[in-house]
Amino acid sequence: MSIQQIFSRPAAVLALSFMLSGSLSCADAATGKTRHHTRHAAQSAIAGAAPVILTAHPGTKLDEDARKLNEDDLQDAAKHHDQPVVLVGSAPLSSGKNDEALFVQLQSARLCGSAGCTTSVYLKHNDTWNTVLDSVNGDISVLPTRHKGMHDLLVSPNDRWIWNGKEYQDTLSAPPAPK
């Protein structure tokens, strides 16, 4: 089959784009199936960085909470006959016993773009989940360093996010706007 024939098939283009973004293995690309887990392991030399592991856990409390928090996206996907895979992970972000964070990623052709799938981070306070980091692309690790009592997060190999007292804030400065 020629490359033109491959690119003329929507499923092949979709599988190739997922494979290039790291969401599919070569074997999965051939079948068009998505993986039901993602290992978020930053390729960084930062000592003590703990990767966040995202996996599908249907029927668990974390999965139920993730689905409630992302209900609008899941309903929109269903209207378009899309069934995203819900991946979840958790990690302590402070020394407080109630500061367990919920990491959520929805994987589907409709919700993931050329940069891959986004992950959001929620923190529970008084039985309410609050968004503390919204829609970031890349592997996530929890760092041993802290700001205002909460662990720093590393997104991809070099994008450090620090706690500002309410949510995580990016430490990379934005490039200047073109004139």
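The values are calculated or read from the model by the stated rules, or taken from the named source; none is laboratory data. Nothing here was measured: the structure is a model prediction, and the numbers come from that model. Heads up, the Cβs are rebuilt from the backbone with ideal geometry, glycines too, and the neighbour counts pull from every protein chain shown. Just the protein is used for accessible areas: all its heavy atoms, side chains included, with ligands, DNA and RNA removed. Shrake-Rupley method; radii C 1.70, N 1.55, O 1.52, S 1.80 Å.
Just one of D139, D82, D127, D152 is of a type in the set (D, E) and in contact with a Leu (Cβ under 7 Å, 6 or more places away or on another chain); which is it? Only one candidate qualifies: D152.
Scanning the stretch 137-168 for residues that are in contact with a strand residue (DSSP E or B) (Cβ under 6 Å, 6 or more places away or on another chain) and over 19 Å from P92 (Cβ atoms) yields a total of 2.
Beta carbons closer than 6 Å, at least 6 apart along the sequence or on distinct chains, pair a first residue in the stretch 69-90 that is small (G, A, S) with a second that is open to solvent by 60 Å² or more (accessible area, probe 1.4 Å) and modelled with pLDDT under 95 for A77/R110; S90/E100. Restricted to the stretch 63-73, and to residues there that are at pLDDT 95 or above and touching a strand residue (DSSP E or B) at 6+ places or on another chain (Cβ under 9 Å), the residue that is surrounded by the most Cβ atoms within 10 Å (Cβ to Cβ) is A66.
Scanning the stretch 87-134 for residues that are among the charged types (D, E, K, R), part of a strand (DSSP E or B) and more than 18 Å from E64 (Cα to Cα) returns a single hit, D134.
Among the residues that make up the stretch 5-16, is at least one of them modelled with pLDDT under 50, surrounded by fewer than 13 Cβ atoms within 10 Å (Cβ to Cβ), of a type outside the set (S, T, Y) and part of a loop (DSSP other than H, G, I, E, B)? Yes, that holds for at least one residue.
The test for being closer than 20 Å to P144 by Cβ, modelled with pLDDT of 70 or more, open to solvent by less than 60 Å² (accessible area, probe 1.4 Å) and not aliphatic (A, V, I, L, M) holds for P51. Within the stretch 152-160, not a single residue is out of contact with any Cys (no Cβ under 9 Å at 6 or more places or on another chain), in a strand (DSSP E or B) and exposed (fewer than 13 other Cβ atoms within 10 Å of the Cβ). Which one is farthest from C112 (Cα to Cα), of the residues in the stretch 140-151 that are open to solvent by 50 Å² or more (accessible area, probe 1.4 Å) and touching a residue at least 12 places away in the same chain (Cβ under 8 Å)? Looking at the filtered set, the residue picked out is K148.
Among the numbered conditions (1) touching a Ser or Thr at 6+ places or on another chain (Cβ under 6 Å); (2) outside any strand (DSSP E or B); (3) under 20 Å from P51 (Cβ atoms), the only one that D82 does not meet is (3).
For C112, the conditions (1) over 21 Å from P157 (Cβ atoms); (2) touching a residue at least 40 places away in the same chain (Cβ under 8 Å); (3) open to solvent by less than 60 Å² (accessible area, probe 1.4 Å) all hold with the exception of (1).
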